[in-house]
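Here is the structure we will look at.
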Amino acid sequence: MRIEAVQGDITTQDVDAVVNAANSSLLGGGGVDGAIHRAAGPRLLEECMELRRTELPDGLPVGQAVPTAGYDLPAPWVIHTVGPNRHRGETDPALLASCFTSALDVADAVGARRVAFPAVSAGVYGWEAAEVARVAVDAVRGWSGSVELVRFVLLGEDVLAAFTAALEHP
Ligand code: AR6
C-alpha cells in the first residue's frame, strides 16, 4: 500500500473514498465535516438522516465508520468516522487508531482502492497534530487489505509537517 501526505482540500480529491471527521449525530457540523457536506450537496445529509432513522438511531459511536455515497464530490464514497473528543476526556489513542482502521475496513468492503483521510480529531476535537499523525500512520501501516492508496489530505502547513515527519519514521 502507498501512503502519502499532501496539503489541500479533501473535498476536491480524485479518489474512491473520502473520510469525514464527523460527530456521532452524522448531521453535519463545522470543519472538514461542514466542507464535505457543502461540496457533496443536500443528498448527503438526507442519506445521513436515513442512516440515523434505520441503522444508527443512537448515532455513530466514536472509533467506528459508516459509508454513504459522495453525491456531488469527485469521490463516489464518503466514509464517516467519529474521532475521540479530547474536550470530553476521550484521550485513548486506540480510539483514534480505530477511526483509521475502521474506515479502511469500510473502504475494503465497498471496494474503494484509493482513500483520502483528514487529520481526524486534530481540529475541534482538540488532539495535537503530531499525535494524530503518529497514531494515523501507525494504524494505516498496521492494517492489511485491498486498499492501494492512502492519502492524508491536510489543510494546514503545520499538520502537513506533522504527517510528513510521521511518515519519515520507519
Ligand atoms: N480538507 C482537509 N482538511 C480539512 C478541511 C478540508 N476541507 N477542513 C478542515 N480540515 P475538524 P475534528 C482539517 O475540526 O477535530 C466538526 O464540527 C482541520 O484543519 O474538522 O475531528 C464535526 O461535525 C483539522 O486539521 O475535525 C465534529 O463535531 C482537521 O481537518 C467535530 O468538528 C480536523 O478538524 C470533529 O472535530
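The values are calculated or read from the model by the stated rules, or taken from the named source; none is laboratory data. Only a predicted model underlies this, so the values are computations on that prediction, with no experimental measurement involved. Here the Cβ positions follow ideal geometry from the backbone for every residue, glycine too, while neighbour counts run over all protein chains shown. Side chains included, ligands, DNA and RNA excluded: accessible areas come from the protein's heavy atoms. Shrake-Rupley method; radii C 1.70, N 1.55, O 1.52, S 1.80 Å.
Values for this structure:
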| item | result |
| --- | --- |
| Checking residue 47 against (1) open to solvent by 20 Å² or more (accessible area, probe 1.4 Å); (2) in a helix (DSSP H, G or I); (3) within 14 Å of the ligand (Cβ to nearest atom), the condition it does not meet | (3) |
| Number of positions in the range 53-69 that are at negative phi and surrounded by 17 or more Cβ atoms within 10 Å (Cβ to Cβ) | 8 |
| Count of residues meeting criterion [more than 8 Å from the ligand (Cβ to nearest atom), in contact (Cβ under 8 Å) with a residue 60 or more places away in the chain and farther than 14 Å from residue 154 by Cβ] in the range 15-44 | 4 |
| Criterion (on the phi < 0 side of the Ramachandran plot and in a helix (DSSP H, G or I)) met by exactly one of 75, 39 | 39 |
| Residues (closer than 19 Å to residue 55 by Cα and open to solvent by less than 50 Å² (accessible area, probe 1.4 Å)) located in the range 22-37 | 22, 23, 24, 25, 26, 28 |
| Residue check, residue 162 within 11 Å of the ligand (Cβ to nearest atom), in contact with a strand residue (DSSP E or B) (Cβ under 7 Å, 6 or more places away or on another chain) and open to solvent by less than 50 Å² (accessible area, probe 1.4 Å) | no |
| Tally, over the range 114-170, of residues that are outside any helix (DSSP H, G or I) and aliphatic (A, V, I, L, M) | 12 |
| Failed condition for residue 12, given (1) surrounded by 18 or more Cβ atoms within 10 Å (Cβ to Cβ); (2) within 21 Å of residue 157 (Cα to Cα) | (1) |
| In the range 91-138, residue farthest from the ligand (Cβ to nearest atom) [restricted to those that are open to solvent by 40 Å² or more (accessible area, probe 1.4 Å), under 17 Å from residue 24 (Cβ atoms) and free of Cβ contacts under 8 Å to residues at least 40 places away in the same chain] | 92 |
